[in-house]
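Values in this text are rule-based calculations from the coordinates and carry no lab data. What you see is a predicted model, and the numbers here were worked out from it, not measured in a lab. Neighbour counts run over all protein chains shown; Cβ positions are idealised from the backbone, glycine included.
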Amino acid sequence: MKKDTALYLREAVEKDVDILFSWANDEDARKNSFCTEPIKYEDHVIWFQNMMQNESTSQYILIDQATPVGQIRLECDGAVGEISYSIAPDKRGVGYGKAICQLLIRKVCIEKPEIKKLTAKIKIPNVASVYCFEKNGFAESYSQYEVDIANAVLDDSLLRISPISRGDFC
């Protein structure tokens, strides 16, 4: 990232469907996503069309010297906006994450005064995103724990009931 050039966000347009698909299916992006399976192109196109028509969602592309280098999405629900972003694989590690969030925060302050709080959901191992959001003033507000039912620990002795077999319900 060159320090002497202005970065800016532009609204996503129909032609961005392919670059967003490419970034979304990047191995690291999938690993850090809450849905880690690769995305099918047909599903992405449908998602993209629905997202572009959704008035509560704003999708932006980060531009540096006329080159798209990342994307950031804002999904609004009342006074709360949820952010998700990604940086092009070959542009990571040079500060674009912090910059893209800063640009969106400024845009929200100016263009969406009804938004009073911004949130982001980040997987624990995604230290780059944690760093980026913390540098932009975000603070961790809670932790969420999950288990796949197939891996849940069943301890019937705690419940004082007859033992069951996992096959009885799973």
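In this calculation the C-beta distance from Asp148 to Ile110 is compared with R0 = 41 Å, giving a FRET efficiency of 0.45. Neighbours of Phe48 by Cβ distance under 13 Å: Lys/Arg scored +1, Asp/Glu scored -1, total -2.
Karplus-derived 3J(HN,Hα) values for the stretch 33-40, using 6.51 cos²θ - 1.76 cosθ + 1.60 with θ = phi - 60°, are 7, 6, 10, 8, 5, x, 9, 6 Hz; glycine and proline are entered as x. Centroid-to-centroid, using Cα positions, the stretch 40-66 and the stretch 6-31 are 8 Å apart. Taking the chain as the reference, fit the longest principal axis to its C-alpha atoms, fit the long axis of helix 41-53 to the helix C-alpha atoms, and give the angle between the two in degrees, 0 to 90, nearest 10. Once rounded, one gets 70 degrees.
At full extension, Ile63 and Glu134 could sit 23.3 nm farther apart than now, given 0.36 nm per residue minus the alpha carbon distance. Springs join every pair of Cα atoms under 10 Å in this Gaussian network model of the chain, and among Asn54, Asn25, Asn126 the largest mean-square fluctuation is at Asn54. For the chain, the longest principal axis of the C-alpha atoms and the axis of helix 96-111 are separated by about 80°. What FRET efficiency do you get for Asp90 and Trp47 if R0 is 25 Å and r is their Cβ-Cβ distance, rounded to the nearest 0.05? Plugging the Cβ-Cβ distance into 1/(1 + (r/R0)^6) gives 0.55. Computed 3J(HN,Hα) for the stretch 120-128, one whole-Hz value per residue from the Karplus formula 6.51 cos²θ - 1.76 cosθ + 1.60 where θ = phi - 60°, is 8, 9, 10, 5, 3, x, 7, 5, 5, glycine and proline marked x.
Taken about its Cα centre, the stretch 7-168 carries a charge dipole of roughly 620 debye when the Cβ of each Lys and Arg holds +1 and the Cβ of each Asp and Glu holds -1. Annotation for the stretch 6-109: trypsin sites (Lys or Arg not before Pro) lying in DSSP loop with at most 14 further Cβ atoms inside 10 Å of their Cβ are Lys40. Once percent of Cα pairs over 29 Å apart is calculated for the structure shown, the corresponding label among [x] 37; [y] 11; [z] 30 turns out to be [z].
Stretched out fully, how many nm does the piece from Asp18 to Ile39 gain, at 0.36 nm a residue minus the Cα gap?
Additional length available on full extension: 6.3 nm.
Among the listed pairs Lys31/Lys116; Lys15/Lys107; Lys98/Lys121, those with a Cα-Cα distance over 25 Å are Lys31/Lys116.
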